[in-house]
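Encoded as structure tokens, the structure appears first; notes follow it.
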Amino acid sequence: MIYTSDINSMNDLHHQHILLFTAKGTGHNLIYLKILLDALLIKKYKITIALPKSCLKSESFKYHIQRFTNKIEIVLHTGSNTTNSFINSWHECIRLKDTISLMKETPSVVLAPNGSQIPFLWPLFRSIYSRQLKQVEKFQFGMLSTGIDFSARTFKSKIVNKLRVMLLSLNPPSSLKTIDAYGFQLLESKFTSLKRIFSLVPDPMDTVELVDKKQARNYFNLPEKSFIISISGALSSHPRKNTKLLIDATLSTQTNKNIVLFIAGKLTDELNCYIKDNSAKTYGRIITVNRYLSDEELTIATCASDVVCTPYSDHFAPSGIILRAIKCNVPVLVPKYHWFNFMIKNFNVGWTIPSLNQKDLTNSIEKVFNELSNNHKLPTANYILKNYFSEKNFSAHWLECIDGDSHDIFSFDKLKLEYKQQIEAQLQIE
């Protein structure tokens, strides 16, 4: 299905035609498209975006994409995902091929910037459908992680890992991108055959302006003098966010410490019922805003916090809520594994939870409370992190795929070097 505006009336468009493809239409995916649309339209590229038909009525589409609809062509696709990454990959390959066949003009470059599973089977798929796809000059796919399970222990998971490495290694050099700095780093020591295929790009922070803590707490009617832990965003998206665990851990903290949990985002019915059924215990200690929040409101919720907590399990990709906290200069409390632990060890942006159980999480919350109450400040240089994780830098990494211009790119290696120098300078002053 195709929905298009009259882009042919725009006579000053660039000669290159870019297709931005996403298999999913959730908020994070549409944010990536929005950032690239802004950057590409400035350069006057002709643009088509392809996205799921189901997202057209979503708040995210209205908020991030709708303002572009008179400047671009839109192709809508349908389909559903399974729990099998290889089946998903094949389905996404088919949707991409069908999208290209529906377009009025074949694109010269295809960019799929957000969490695609296409790369697993794309080289095989493209060889089968080479005639239909041969006119596209370049394909670039982004993945949330490197697609590898670095903690694989069972025989089955190890076999699946080997298959993933074999399939991904068939992709051309520098054709895949990932936002997972930790996973990318591990490729050097564990899967060198993939290092030449992947490049690292930042997961972009939004550009919403910050507000002071008092103003932020007034907006959500939060207690001014309480110590506020927050978790926010799409909390109903999957159970591994462990919001119930965070509720129980907060209620287990010492009541004299006046620790309040602020939950900002759409809840599952089960979680909402759990809070209501335990209202005698949660009253005054658990505060919720059970609805979709705009980027501005998510920033306000973060600015209102003393610490942001993400007790996620099995989350092997960067976290938008953590990046927002860094942007808002709010420390974080995160699990001690993969990207979360990597950010604490390398950039000192908060604390880790030794293990994801109620006792350790309760103790960690109280530890953070005690340290922050005693004005303990973490030596950090968030402004350098903000430069790397900026929308501008995200765009620069993807635009290089089209025009080959790398002079605006702020690399991760440069980030590490500048961050180290700044922290050393801070410590010398102290």
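The values are calculated or read from the model by the stated rules, or taken from the named source; none is laboratory data. Because the structure is predicted, anything quoted here is derived from the model rather than measured. Cβ: placed from backbone, ideal geometry, glycine included. Neighbour counts: every protein chain shown.
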Checklist line | Among the candidates ARG164, ARG126, residue that is part of a helix (DSSP H, G or I), at pLDDT 90 or above, surrounded by 12 or more Cβ atoms within 10 Å (Cβ to Cβ) and touching a strand residue (DSSP E or B) at 6+ places or on another chain (Cβ under 9 Å) | finding: ARG126
Checklist line | Residue count for segment 130-148, restricted to those that are crowded, with 16+ Cβ neighbours inside 10 Å and outside any strand (DSSP E or B) | finding: 7
Next item on the list: Restrict the check to segment 302-325 and report whether at least one residue is more than 20 Å from SER390 (Cβ to Cβ), in a helix (DSSP H, G or I) and either of a type in the set (Ser, Thr, Tyr) or touching a residue at least 24 places away in the same chain (Cβ under 8 Å) (or both).
Entry: no
Next item on the list: State all residues of segment 97-117 that are closer than 22 Å to GLY27 by Cα, at pLDDT below 95 and aliphatic (A, V, I, L, M); if no residue qualifies, say none.
Entry: none
Check: Among THR106, THR178, THR83, which is the only one that is free of Cβ contacts under 8 Å to residues at least 40 places away in the same chain and assigned by TED's automatic domain parsing to the domain that holds PHE21?
Finding: THR83
Next item on the list: With the checklist (1) within 30 Å of LYS62 (Cα to Cα); (2) at pLDDT below 95 in hand, flag the one item THR299 doesn't pass.
Entry: (2)
Note to self: Filter segment 350-371 down to the residues that are part of a strand (DSSP E or B) and either more than 24 Å from the chain's Cα centre (by Cα) or among the hydrophobic types (A, V, I, L, M, F, W, C) (or both) and list them by number.
What the structure shows: TRP351, ILE353
Item checked: Residue count for segment 149-161, restricted to those that are of a type in the set (Phe, Trp, Tyr) and surrounded by fewer than 12 Cβ atoms within 10 Å (Cβ to Cβ) -> 1
Note to self: Residues to consider are ILE7, ILE47, ILE31; find the one that is modelled with pLDDT under 90 and assigned by TED's automatic domain parsing to the domain that holds LEU96.
What the structure shows: ILE7
Next item on the list: Output the number of the condition that SER85 fails; it satisfies all remaining conditions of (1) under 24 Å from THR26 (Cα atoms); (2) among the polar types (S, T, N, Q); (3) touching a Cys at 6+ places or on another chain (Cβ under 9 Å).
Entry: (3)
Notebook entry, point to check: Within segment 378-394, restricting attention to residues that are in a helix (DSSP H, G or I) and among the hydroxyl-bearing types (Ser, Thr, Tyr), which residue is surrounded by the fewest Cβ atoms within 10 Å (Cβ to Cβ)?
Noted result: TYR383
Next item on the list: Give segment 281-301 a look and list any residue that's surrounded by 18 or more Cβ atoms within 10 Å (Cβ to Cβ) and in a helix (DSSP H, G or I), or say none.
Entry: THR282, GLU297, LEU298, THR299, ILE300, ALA301
